[in-house]
Amino acid sequence: MRKPTITTESGRYFLTDRIREEVNFYCTPQSEGVDPPPVQKPAQPGSRIIPLPPRHEWPIKAYDLQTAISDRESHRRFTGELLSLDELAFLLWATQGVRAVVHEAAVLRTVPSAGCRHPFETYLGVLRVAGLNPGLYRYLPLDHALVHERDLPNLPAYLTAACRGQAFAGQATVTFIWTAVMARTEWRYAEASYKVIALDAGHVCQNLYLACEAIGCGTCAIAAYNQGLADELVAVDGNEEFTVYIAPVGKVPLQP
């Protein structure tokens, strides 16, 4: 990807919505009748698919929203206790779970997304989850399942390096790595896509924070990562799809 010149002026412009006045929305791929990109990357043929427990089977108690909001904080220290597969399924549902499939271009989820485009793929650096071998996985929201992407012998060290030496990324129970598939949002919004993708990432990670409160877990969002190493870890090209956010998750000590 070509490195553009970033200035204070261009950075502030990015955070405004002035770009919407410059985009010809009659010339977007959607307006020109181009089929929308798939809402979920398919698993490679022969991949191992792990179905996740459905919502009605989770032994997870209801948790008061006001308490979750009040108690939410960033955690960088974890106990080492395993996460159950039910708990992981709950966190994935809370951050990218499918509520309804309207049609090929609209899948309603548990988080908002501009134009219902949901550009993210959720990769998981699994270290201590009951029933899963350590390795790299990806969530398939349409199937509520995981696909095993690959084994990485030095996964804790790789996660730490990808997060610029932040050791808690390699000490977590599972580290969430969100990538953006740019074409999903560009299909509808063209050059107006980029601010809303950043906003969408915030919606997803806040849901993770709140869901963690319900199961005795904690997380800390990471935006300071090594782009090349993070993209290499999840095997994406760094242009059409690239890492945008990372969040290690683990059990935290009970509060006195």
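Under a 5 Å amide H cut-off, with hydrogens placed 1.01 Å from N, Val249 pairs with Thr173, Val174, Thr175, Phe176 among residues at least 5 apart or on other chains. Note on Asp143: accessible area approximately 90 square angstrom, rounded to 10, probe 1.4 Å, nucleic acids and ligands left out. Of the three principal axes defined by the Cα atoms of the stretch 187-256, the extents in descending order read 50, 26, 16 Å.
Using the Cα centre as the reference, give the magnitude of the dipole from point charges on the C-beta atoms of the stretch 1-42 (Lys, Arg: +1; Asp, Glu: -1; all else neutral), rounded to the nearest 20 debye. Before the final figure, lay out each step's value.
Details: 6 positive and 6 negative charges, 61 e Å.
Result for the stretch 1-42 is approximately 300 debye, rounded to the nearest 20.
The Kirkwood hydrodynamic radius of the stretch 1-147, based on inverse pair distances between different Cα atoms, is 19.0 Å.
Taking a ≥ b ≥ c as the square roots of the eigenvalues of the Cα gyration tensor of the stretch 110-192, is the shape rounded (a/c under 1.5), prolate (a/b larger than b/c) or oblate? The shape class here is prolate.
Rounded to the nearest 20 debye, the dipole size of the stretch 16-130 about its Cα centre is 300 debye, using +1 on the Cβ of Lys and Arg and -1 on the Cβ of Asp and Glu. Under the combined filter of DSSP loop state and at most 16 neighbouring Cβ atoms within 10 Å, the stretch 153-211 retains these trypsin sites (Lys or Arg not before Pro): Arg164.
Are there GluC sites (Glu not before Pro) in the stretch 2-63 that DSSP marks as loop and that have at most 15 other Cβ atoms within 10 Å, and which are they?
Details: sites: Glu9, Glu21, Glu22, Glu32, Glu57; in loops: Glu22, Glu32.
Answer by residue number: Glu22, Glu32.
Of the residues Leu127, Thr7, Cys27, the one whose Cα sits farthest toward the positive end of the charge dipole of the stretch 1-141, with +1 on the Cβ of Lys and Arg and -1 on the Cβ of Asp and Glu, is Leu127.
Based on protein heavy atoms only, the stretch 122-199 ends up with 34 Å² per residue of surface accessible to a 1.4 Å probe.
Using a probe radius of 1.4 angstrom, the carbon and sulfur fraction of the accessible surface of the chain is 54%. Accessible surface for the stretch 1-117, divided over its residues, is 71 Å² per residue with a 1.4 Å probe. Of Gly115, Thr160, Val147, which is farthest along the charge dipole of the stretch 78-166 in the positive direction, counting Lys and Arg as +1 and Asp and Glu as -1 at C-beta? Comparing the listed Cα positions along the dipole, Gly115 ranks first.
For the stretch 79-88, putting each phi into the Karplus relation 6.51 cos²θ - 1.76 cosθ + 1.60 with θ = phi - 60° gives couplings of 7, x, 5, 5, 8, 7, 5, 4, 5, 5 Hz, in residue order, rounded to whole numbers and with x for Gly and Pro.
Could you check what % of the DSSP bridge pairs in the chain are antiparallel, to the nearest 5?
Values: 35 of 37 bridges.
So the antiparallel bridges in the chain amount to around 95 percent.
Full extension of the chain between Glu104 and Ser10 yields a length gain of 30.3 nm, computed as 0.36 nm times the residue separation minus the alpha carbon distance. Within the chain, all pairs of alpha-carbon atoms sorted by distance into 5 Å bins from zero give the percentages 1, 6, 12, 17, 19, 17, 13, 8, 5, 2, 0, 0. Averaging Cα coordinates gives a centre for the stretch 112-164 and one for the stretch 1-74; these two points are 15 Å apart. In terms of accessible area, using a 1.4 Å probe and ignoring ligands and nucleic acids, Tyr225, Tyr137 rank largest first as Tyr225, Tyr137.
The values are calculated or read from the model by the stated rules, or taken from the named source; none is laboratory data. Because the structure is predicted, anything quoted here is derived from the model rather than measured. We place every Cβ from the backbone using ideal geometry, glycine too, and count neighbours over all the protein chains shown. Heads up: the accessible areas ignore ligands, DNA and RNA and are worked out on the full protein's heavy atoms, side chains in. Shrake-Rupley method; radii C 1.70, N 1.55, O 1.52, S 1.80 Å.
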